[in-house]
Every structure is written in C-alpha cells, then in structure tokens.
Amino acid sequence: DDTLNNVLKKVTLLLDLIDSAEASMQHFDSRVQTSSDSKASTGKGKVSVLGEKEKNVLVLGAGMVASSLAEYLGRSKHTTVTVASQYENDAMAVAHNATRGKAVCFDASRPGDKLRYLIEEADIVVSLLPAPMHPIVAQECIALKTDLVTASYESDEMRSLRKSCEEAGITILNEVGLDPGMDHMSAMKIIDSVHERGGDITSFSSV
C-alpha cells in the first residue's frame with residue numbers, strides 16, 4: 001500500500017534525524033517530581049522502537065575530562081548523556097561530543113531540589129565535581145537508589161556512607177579519575193613486580 005509505505009518512510013526519516021542530533025539545551029524550572037519511587041515515575045528503562053533499552057547517563061560537571069567521557073559514553077544511539085554545569089556554554093560544548101547529548105544549567109554549590117530532579121531521570125550518575133561535593137550527590141543517589149561513579153579519591157565522609165549504600169542496593173564507585181588511576185596503575189606495577197620475584201605484600205601505602 002503506497003500510503004503505508006509513505007508513512008513508514010517518514011517515520012524512518014524522523015528516527016534518522018533524532019539519532020543524528022548531537023546536542024540540545026534544556027532549562028529546568030523549579031517544578032520537581034516528588035515521587036519516592038523514581039523507577040516508576042520517570043523514563044528509566046524505556047525501550048526504543050528498535051527494541052533497545054534506552055539509557056540516561058547524568059554527568060555532573062563539565063571540566064577537562066568531561067568531553068572525553070561524554071564522547072565515550074555517548075557513542076551508542078540508545079544512550080542520552082545529560083551534562084549538568086553551572087555554565088551553559090561549557091555544558092553545551094561537552095554534550096556536543098555525545099551522539100545524543102543534552103545540556104542542563106545546574107549550580108552544584110546550590111543543588112536544592114534540582115539535583116534530585118536530575119538524578120531521578122538518570123540510570124547512573126557520574127560526578128566530576130570537586131571532591132567535597134560528592135557526599136551530597138551520593139546521599140541523593142542513595143535515596144533514589146541510583147548508582148554513582150566519582151573521579152576523586154575516597155574521602156572519610158564518602159566511606160561513611162557504605163552501610164547506607166549497601167542497604168539501598170546500589171554501587172558507588174570512587175577513584176576512577178585521572179590522578180587516582182595513575183596512582184593505582186603505578187601501585188599495581190610495584191605489587192606485580194614484587195609478586196613476580198616471589199615476594200609477598202604485607203602492607204602498602206601510597207602518598
């Protein structure tokens with residue numbers, strides 16, 4: 001049927017346009033979802049028309065490593081990378097690196113209800129914010145049962161959240177940034193060298 005074929009062609013064209021869109025700017029107002037069950041009240045776990053599960057990754061911060069992260073995580077057409085930054089131009093620049101990027105204005109020094117709103121919409125959160133800001137993000141992730149990854153060394157305050165994290169059934173993975181990564185790799189080089197020579201490690205301290 002010609003009419004059906006025309007409709008299918010238009011739908012296909014629309015999907016191609018959506019997939020090729022690189023970034024969009026979205027401003028949030030003060031309205032906030034207050035549902036305690038974020039999995040049921042948001043778009044988490046949606047399935048696309050192609051049968052692939054849609055993912056939403058929230059990246060907090062638009063610093064130097066954020067662009068590479070957005071490009072890597074945003075390679076899939078089924079993953080939306082939402083970049084939240086205090087500065088609109090920075091958020092846009094980072095979001096542009098993802099196939100499906102979205103930029104959001106967000107002041108981490110005054111998170112308020114907007115932080116909760118952003119996390120409710122995410123499947124996982126990556127915090128590239130300064131280390132002292134991670135605990136606030138972590139507490140919201142625990143409350144909303146959303147996994148969190150940070151780039152900073154694990155602080156005592158973050159370590160104190162372990163029990164709450166386990167009770168919420170989520171994963172909080174710290175020290176995945178550049179400096180901790182170099183530290184871990186150099187430490188493993190030393191440890192592996194000792195093991196290759198038949199030695200044992202009884203304690204190890206990195207300063």
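Looking only at region 173-207, count how many residues are of a type outside the set (D, E, K, R) and assigned to a helix (DSSP H, G or I).
14
Provide a single number: the residues in region 140-170 that are modelled with pLDDT of 95 or more and part of a loop (DSSP other than H, G, I, E, B).
Number satisfying all stated conditions: 6.
Conditions tested, residue by residue: (1) under 19 Å from THR82 (Cβ atoms); (2) surrounded by fewer than 13 Cβ atoms within 10 Å (Cβ to Cβ); (3) within 18 Å of the chain's Cα centre (by Cα); (4) in contact (Cβ under 8 Å) with a residue 40 or more places away in the chain.
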site: GLU140; (1), (2), (3), (4): yes, no, yes, no
site: SER152; (1), (2), (3), (4): no, no, yes, no
site: ARG159; (1), (2), (3), (4): no, yes, no, no
site: CYS165; (1), (2), (3), (4): no, no, yes, no
site: ASP179; (1), (2), (3), (4): no, yes, no, no
site: LYS189; (1), (2), (3), (4): no, yes, no, no
site: ARG197; (1), (2), (3), (4): no, yes, no, no
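Residue by residue through region 81-113, note down the ones that are touching a strand residue (DSSP E or B) at 6+ places or on another chain (Cβ under 6 Å), open to solvent by 30 Å² or more (accessible area, probe 1.4 Å) and not aliphatic (A, V, I, L, M).
Narrowing region 81-113 to residues touching a strand residue (DSSP E or B) at 6+ places or on another chain (Cβ under 6 Å): 81-84, 88, 91-92, 94-96, 98, 100-104, 106.
So of that shortlist, the ones also open to solvent by 30 Å² or more (accessible area, probe 1.4 Å) come out as 88, 92, 96, 100, 102.
Once the filter is applied, which keeps residues that are touching a strand residue (DSSP E or B) at 6+ places or on another chain (Cβ under 6 Å), open to solvent by 30 Å² or more (accessible area, probe 1.4 Å) and not aliphatic (A, V, I, L, M), region 81-113 yields GLU88, HIS96, ARG100, LYS102.
Only one of (1) modelled with pLDDT under 95; (2) under 18 Å from ASP113 (Cβ atoms) is not met by VAL137, so which one is it?
The number of the failed condition is (1).
So, of the residues in region 63-80 that are of a type in the set (Gly, Ala, Ser) and touching a residue at least 40 places away in the same chain (Cβ under 8 Å), which turns out to be least open to solvent (accessible area, probe 1.4 Å)?
The residue in question is ALA66.
Among the residues of region 114-128, write down those that are open to solvent by 30 Å² or more (accessible area, probe 1.4 Å) and part of a loop (DSSP other than H, G, I, E, B). Talk me through it step by step, then tell me what you get.
Looking only at region 114-128, we keep the residues that are open to solvent by 30 Å² or more (accessible area, probe 1.4 Å), and these are 114, 116-117, 121, 123-124, 128.
Once the filter is applied, which keeps residues that are open to solvent by 30 Å² or more (accessible area, probe 1.4 Å) and part of a loop (DSSP other than H, G, I, E, B), region 114-128 yields GLU121, ASP123, LEU128.
Would you mind stating whether ILE136 is β-branched (Val, Ile, Thr), open to solvent by 20 Å² or more (accessible area, probe 1.4 Å) and closer than 26 Å to ARG159 by Cα?
Against the criterion (β-branched (Val, Ile, Thr), open to solvent by 20 Å² or more (accessible area, probe 1.4 Å) and closer than 26 Å to ARG159 by Cα), ILE136 qualifies.
Given the structure, is VAL94 assigned to a helix (DSSP H, G or I) and at pLDDT 95 or above? Talk me through it step by step, then tell me what you get.
Working: assigned to a helix (DSSP H, G or I): yes; at pLDDT 95 or above: yes.
In short, yes.
The values are calculated or read from the model by the stated rules, or taken from the named source; none is laboratory data. Keep in mind that this is a model prediction, so the values were computed, not measured. No Cβ is skipped: glycine too gets one built from the backbone with ideal geometry, and neighbour counts run over all protein chains shown. When the accessible area is computed, the model is the full protein with side chains, heavy atoms only, and any ligands, DNA or RNA have been set aside. Shrake-Rupley method; radii C 1.70, N 1.55, O 1.52, S 1.80 Å.
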